[in-house]
Amino acid sequence: MRVLISSSTSFYLSKNAILRARELDALWAFPDHSPLVGEPQHYTSESPDPPDRWDHSYFLPDSVPRHDPILLQVFDEMGDEMAPEEWGTIQCVEVPDDVTYYIGSYLGEWVAEQHRVWHRDSGIEGCSAGEFSVFTKDSTFSPEPS
């Protein structure tokens, strides 16, 4: 399956990418669907720091699978214009369909197969040592109840 990752440490979309996703009826791109309460997380000239730089940056919620069909369609149509210039690029990687994967980031995002992790603070054997977005090929975005 195709999975999208960012060359930045977070996955940001351009305003045009959000508008295209809305044209395609992506639930995650509309402000009235949780977790997008109000407008998607973005920065405007009224934001405290730094103004003007973030005018067209939208943060993709962690609950959106990176193999979402509409997300992939927007990527196919827009390519490099899908991400705001100041937030790097969005790239596509191939992951086997039967893999449960998660997205992590350190100097850019990466995809890893789900596995067990032990950490001094986990308290439970096999418990994840951090916050990750975990997806399977059957994962879809669904708004959280209000």
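Where a number appears in this text, it was derived from the coordinates with a stated rule and is not lab data. Being a predicted model, the structure only gives us computed values, none of them experimental. Don't worry about glycine lacking a Cβ; one is built from the backbone with ideal geometry, like all the others, and counts go over all protein chains shown.
Placing dummy labels 7 Å off each Cα toward the beta-carbon, the span from Arg2 to Lys15 is 2.7 nm.
Under a 5 Å amide H cut-off, with hydrogens placed 1.01 Å from N, Phe11 pairs with Leu60 among residues at least 5 apart or on other chains. Computed from phi, the 3J(HN,Hα) profile of segment 68-75 under the Karplus parametrisation 6.51, -1.76, 1.60 (θ = phi - 60°) reads 3, x, 6, 4, 5, 5, 4, 4 Hz, with x in place of Gly and Pro.
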